[in-house]
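Taking it in order: structure first as structure tokens, then the write-up.
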Amino acid sequence: YFLQQHFGPQVQLDVYEAAGVGGRLATVTVNKQQYESRGASIHALSLHMQDFVKILGLKHRREVAGKSAIFSGEHFVLEETDWYLLNLFRLWWHYGISFLRLQMWVEEVMEKFMRIYKYQAHGYAFSSLEELLRSLGGDAFVNMTQRSVAESLLEVGVTQRFVDDVIAAVLRSSYGQSVLVPAFAGAMSLAGAQGSTWAVEGGNKLVCSGLLKLTKANVIPARVTGISLHSSEGRALYQVHYESSEGQGSAFYDMVVVTTPLHPSRSNFTFENFEPPIADFPGAFQPSVTSVVHGYLNSSYFGFPDPKLFPFTSILTTDTPDLFFNAMDNICPVNISAAFRRKQPQEAAVWRVLSEQPLDKHQLKTLFRSYYSVQVTEWQTYPRYDAAKSLPPIVLHENLFYLSGVEWVASSMEMIAVAAKNVALLAYNRWHQDLEKIDQKDLMHKVKTEL
């Protein structure tokens, strides 16, 4: 979409996608209703995602209220109520002003991050993730990819107890990882937890299929196996090799954007004729399992013998060795009618359980009194944030770009959209030799004077 926006409607776009469009924005069907299996919520400040929804004529899904709680394996360490002031009082009673310090820290990060939209509106692009971060928040932002969120929060006066109870629970539910994730990725996840979020009526994956349709991109159902470099009239030409149900094939392109993660564990991908060679990328990915269960919650496990009295629709968990799941929530279908009501706690409902390993029968029986169906999706979802010390490049060769490296900064739909816009602008500016628009210093001042 962004490539077409900048290069114009004459640009020919091929998209290679062996699986379903949308990647981890996927749905599962229970009783003829569709439910999000991952990538379920979008932050209110996600301006590109907001734009896509408007452009495609999609709608925000109707919100259905529900309360959250944090479970330690033995009891709830924090419970949400219907009363905003009571929630604030409970946070203050348990953790002092830690939650205010957290809020100020997250707001400061988000305020600086929002500068990216201004830069992109003026056509500025960055040739590396470090340059992009530096333009938003100086070296402090780059350092936030190298030190943990726990360290950063303790430094601004958040207590260890708050980190162990609340921060750990949020990160387990979003990334399936501990408070050792880098501060920048942590800040993005925490912004989503404390800000208002939304979702697309009909499923978030409609944004992906809608944009492909809008750009009239040619979707080729094939798996890319490698890219080899050739040249034509002094310009680089890239041959993309692929496998489809009809056998092997290849095609030539002036420009290629690689969107699959370039890690040996994720893609068996070769680069030929490149000098210097394009090396394998360090780092690993976090295994993650989503189980969509249609059944009756075992509220006794959570200390509520009478299921009618169980008040929560979302359960986060602390980092406790015996806990076998990261989070679970009572989910609503992707199409919510005006008459829709959430199931009562004693009724059979659809729950999404996030865990690192597939749940065995005993674990399912621990969480549910009985169940009709279990649908399991195993993903290599997020980078293992403790596994790499440097950020991947954006430019692999002259007109060969890498998109998914941004996940090592933070992973969300909006981060990918920001990276996509950056790659499109970078490709356009490099193609037209408009180097004034790449890696410019002191951009805040430049953008102000342009205004």
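The values are calculated or read from the model by the stated rules, or taken from the named source; none is laboratory data. Everything numeric in this text was worked out from a predicted model, so none of it was measured. Every residue, glycine as well, gets a Cβ built from its backbone with ideal geometry; the counts of neighbours run over all protein chains shown. These area figures cover heavy atoms from the full protein model, side chains too; ligands, DNA and RNA do not enter into them. Shrake-Rupley method; radii C 1.70, N 1.55, O 1.52, S 1.80 Å.
Answer with yes or no whether PRO282 is open to solvent by 50 Å² or more (accessible area, probe 1.4 Å), touching a residue at least 60 places away in the same chain (Cβ under 8 Å), closer than 30 Å to VAL409 by Cβ and in a loop (DSSP other than H, G, I, E, B).
Against the criterion (open to solvent by 50 Å² or more (accessible area, probe 1.4 Å), touching a residue at least 60 places away in the same chain (Cβ under 8 Å), closer than 30 Å to VAL409 by Cβ and in a loop (DSSP other than H, G, I, E, B)), PRO282 qualifies.
Return the pair list, or none, for Cβ contacts closer than 6 Å from residues in segment 192-204 that are open to solvent by 20 Å² or more (accessible area, probe 1.4 Å) to residues that are assigned to a loop (DSSP other than H, G, I, E, B), at least 6 apart or on different chains.
Here the result reads GLY195/ALA44; SER196/ALA44; THR197/SER41; GLU201/LYS59; GLU201/ARG61, each pair linking segment 192-204 to a residue that is assigned to a loop (DSSP other than H, G, I, E, B).
Condition check: touching a helix residue (DSSP H, G or I) at 6+ places or on another chain (Cβ under 9 Å) and farther than 30 Å from ARG147 by Cβ. Does TYR385 satisfy that?
No; evaluated as a whole, the condition is false for this residue.
Could we say that TYR95 is over 22 Å from the mean Cα position of the chain (by Cα) and modelled with pLDDT of 95 or more here?
It is false that TYR95 is over 22 Å from the mean Cα position of the chain (by Cα) and modelled with pLDDT of 95 or more.
Determine, yes or no, whether SER231 is without any contact (Cβ under 8 Å) to a residue 60 or more places away in the chain, more than 20 Å from the chain's Cα centre (by Cα) and under 30 Å from LEU367 (Cα atoms).
Judged against the criteria, SER231 is not a match.
Determine which member of the set GLY303, GLY283 is touching a strand residue (DSSP E or B) at 6+ places or on another chain (Cβ under 8 Å) and modelled with pLDDT under 95.
Selected residue: GLY283, the only one of GLY303, GLY283 that is touching a strand residue (DSSP E or B) at 6+ places or on another chain (Cβ under 8 Å) and modelled with pLDDT under 95.
Of the residues that make up segment 55-64, is at least one hydrophobic (A, V, I, L, M, F, W, C), in contact with a strand residue (DSSP E or B) (Cβ under 6 Å, 6 or more places away or on another chain) and not assigned by the TED database to the domain that holds LYS118?
Yes, because at least one residue in segment 55-64 is hydrophobic (A, V, I, L, M, F, W, C), in contact with a strand residue (DSSP E or B) (Cβ under 6 Å, 6 or more places away or on another chain) and not assigned by the TED database to the domain that holds LYS118.
Looking at (1) at pLDDT below 95; (2) touching a strand residue (DSSP E or B) at 6+ places or on another chain (Cβ under 7 Å), which is the only condition SER174 fails?
Condition (2) is where SER174 drops out.
Is it the case that some residue within segment 349-366 is over 30 Å from ARG235 (Cα atoms) and in contact with a Lys or Arg (Cβ under 6 Å, 6 or more places away or on another chain)?
There is at least one residue in segment 349-366 that is over 30 Å from ARG235 (Cα atoms) and in contact with a Lys or Arg (Cβ under 6 Å, 6 or more places away or on another chain).
Hand me the list of strands (runs of 3 or more DSSP E) wholly inside segment 218-261 holding 2 or more residues that are touching a Ser or Thr at 6+ places or on another chain (Cβ under 8 Å) and closer than 24 Å to VAL395 by Cα.
222-232, 235-244
In segment 67-76, how many are surrounded by 17 or more Cβ atoms within 10 Å (Cβ to Cβ) and in a loop (DSSP other than H, G, I, E, B)?
1
Can you find, within segment 98-138, the residue that is farthest from LEU78 (Cα to Cα) among those that are open to solvent by 60 Å² or more (accessible area, probe 1.4 Å) and free of Cβ contacts under 8 Å to residues at least 12 places away in the same chain?
Ranking the qualifying residues of segment 98-138, first place goes to ALA121.
Do we find that PRO333 is assigned by the TED database to the domain that holds VAL77, touching a strand residue (DSSP E or B) at 6+ places or on another chain (Cβ under 7 Å) and assigned to a loop (DSSP other than H, G, I, E, B) in this structure?
In short, yes.
Got a sec? Which of ARG38, ARG90 is in the same structural domain as VAL334 (by the TED database), open to solvent by less than 30 Å² (accessible area, probe 1.4 Å), of a type in the set (Lys, Arg) and under 27 Å from ARG342 (Cβ atoms)?
Going through ARG38, ARG90 in turn, just one is in the same structural domain as VAL334 (by the TED database), open to solvent by less than 30 Å² (accessible area, probe 1.4 Å), of a type in the set (Lys, Arg) and under 27 Å from ARG342 (Cβ atoms): ARG38.
If you check SER265 against the conditions, is it over 24 Å from the mean Cα position of the chain (by Cα), in the same structural domain as GLU17 (by the TED database) and over 23 Å from ALA424 (Cβ atoms)?
no
Being of a type in the set (Ser, Thr, Tyr) and either outside any helix (DSSP H, G or I) or within 20 Å of TYR95 (Cα to Cα) (or both) is the requirement here; does SER178 meet it?
Taking the combined requirement at face value, the residue satisfies it.
Kindly indicate which of GLU111, GLU131 is in contact with an Asp or Glu (Cβ under 7 Å, 6 or more places away or on another chain) and charged (D, E, K, R).
GLU131 is the lone residue from the list that is in contact with an Asp or Glu (Cβ under 7 Å, 6 or more places away or on another chain) and charged (D, E, K, R).
Could you please find all residues in segment 139-173 being open to solvent by less than 30 Å² (accessible area, probe 1.4 Å) and either hydroxyl-bearing (Ser, Thr, Tyr) or not assigned by the TED database to the domain that holds MET328 (or both)?
THR145, SER148, SER152
For segment 435-450, indicate whether the set of residues that are among the β-branched types (Val, Ile, Thr), at pLDDT below 95, over 17 Å from the mean Cα position of the chain (by Cα) and part of a helix (DSSP H, G or I) is non-empty.
yes
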